Amino acid sequence: MKISIDGPAGAGKSTVAKKVAKELGFVYIDTGAMYRALTYMAIKEQIDLHNGEKLATLLVKHPIEFQIENNQQRVKIANQDVTEYIRTPEISKYVSLVAKHEQVRKEMLKIQRQLAEKGNIVMDGRDIGTNVLPDADLKIFLTASIEERAKRRYQELLLQGYKGSIEEIKQDIANRDKQDQERKFGPLKKANDAILIDTTQLSIDQVVTRILQLVKKFQEGGKNEII
Ligand code: DC
């Protein structure tokens, strides 16, 4: 079974996707981490982030891998574990710029489809239900108000020692949403057959429960049961 979870920054996708995957014994694939890892590598190698061709070449040269260590998923690029470096405000600021290039998205799509072939998966991102896995069995689109999303990111970053304001985070999220929605290739968009869940007023566990109910319906009666 393939489950896609798309939505804007801070809607709770990765937390929810991880939990759903764990409950079901499925593999979780965080495609945002893939774009972040590439952004990290491009900055390190001083590649022009406006040059899609060079970024795609960098991606082909340095494969991205996910590995489980001590029960935690680690992201590696060019054999370097970059998990701790890819969620900084600097990477968040530049990642949408990297993700807008057609050449980059084409290469990512190939890798993501290969990863999805491995079996039962939960994949989260922006264009999974629309582009990467248009045949996903269950498609979820998570949203929340921008205030709530900024608050969640702020709390996450505080734990990492962040010193900026919540207003800066809100601005960054708004900019990123705009760039992700307006880009020509693989924009952030709800698939027609995706189920919309607004998480503003919901706890993580409530969202997970709702998705698990949908999975159960699918397993009992197929896709027609859920849309
Ligand atoms: O989910 P995230 O915040 O870690 O994603 C980081 C960025 O990567 C996001 O701003 C847009 C981009 N992205 C994308 O373009 N397509 C995806 N499938 C996943 C992420």
Please pick out the residue among 106, 178 that is within 13 Å of the ligand (Cβ to nearest atom), assigned to a helix (DSSP H, G or I), over 30 Å from residue 219 (Cβ atoms) and without any contact (Cβ under 8 Å) to a residue 24 or more places away in the chain.
178
Of (1) touching a Gly at 6+ places or on another chain (Cβ under 6 Å); (2) modelled with pLDDT under 95; (3) not aromatic (Phe, Trp, Tyr), residue 163 satisfies every one except (1)
Restricting to region 112-122, name every residue that is out of contact with any Leu (no Cβ under 9 Å at 6 or more places or on another chain) and assigned to a helix (DSSP H, G or I).
114, 115
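Residues are listed down the side, and each one gets a yes or a no for (1) under 26 Å from residue 153 (Cα atoms); (2) at pLDDT 95 or above; (3) touching a strand residue (DSSP E or B) at 6+ places or on another chain (Cβ under 8 Å); (4) not in a loop (DSSP other than H, G, I, E, B):
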| position | (1), (2), (3), (4) |
| --- | --- |
| 35 | yes, yes, no, yes |
| 40 | yes, yes, yes, yes |
| 47 | no, yes, no, no |
| 58 | no, yes, no, yes |
| 110 | no, yes, no, yes |
So which residues in region 43-65 are surrounded by fewer than 17 Cβ atoms within 10 Å (Cβ to Cβ) and either among the hydroxyl-bearing types (Ser, Thr, Tyr) or touching a Lys or Arg at 6+ places or on another chain (Cβ under 8 Å) (or both), if there are any at all?
48, 57, 65
Out of the residues in region 123-141 that are under 7 Å from residue 6 (Cβ atoms) and in a helix (DSSP H, G or I), which is farthest from the ligand (Cβ to nearest atom)?
129
Can you tell me which residue among 58, 38 is among the hydrophobic types (A, V, I, L, M, F, W, C), within 13 Å of the ligand (Cβ to nearest atom) and touching a Leu at 6+ places or on another chain (Cβ under 8 Å)?
38
Pairs under 6 Å by beta carbon, first residue closer than 14 Å to residue 137 by Cβ in region 191-217, partner among the polar types (S, T, N, Q) and at pLDDT 95 or above, six or more apart or different chains?
191/130
Residues within region 21-35 that are among the hydrophobic types (A, V, I, L, M, F, W, C) and within 13 Å of the ligand (Cβ to nearest atom), tallied:
3
Need the failing condition index for residue 166 against (1) in contact with a Phe, Trp or Tyr (Cβ under 6 Å, 6 or more places away or on another chain); (2) in contact (Cβ under 8 Å) with a residue 24 or more places away in the chain; (3) of a type in the set (Val, Ile, Thr), just the number.
(2)
Check 202, 188, 142, 157 and return the single one that is under 20 Å from residue 26 (Cβ atoms), surrounded by 14 or more Cβ atoms within 10 Å (Cβ to Cβ) and among the hydrophobic types (A, V, I, L, M, F, W, C).
142
Which one is farthest from residue 149 (Cα to Cα), of the residues in region 10-20 that are surrounded by 21 or more Cβ atoms within 10 Å (Cβ to Cβ) and away from the ligand (no atom under 11 Å from the Cβ)?
20
What's the total number of residues in region 28-58 that are within 16 Å of residue 132 (Cα to Cα) and of a type in the set (A, V, I, L, M, F, W, C)?
3
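The values are calculated or read from the model by the stated rules, or taken from the named source; none is laboratory data. Quantities reported herein were computed from a predicted structural model and do not represent experimental measurements. Quick reminder, even Gly has a Cβ in these numbers, built from the backbone with ideal geometry, and neighbours come from all protein chains shown.
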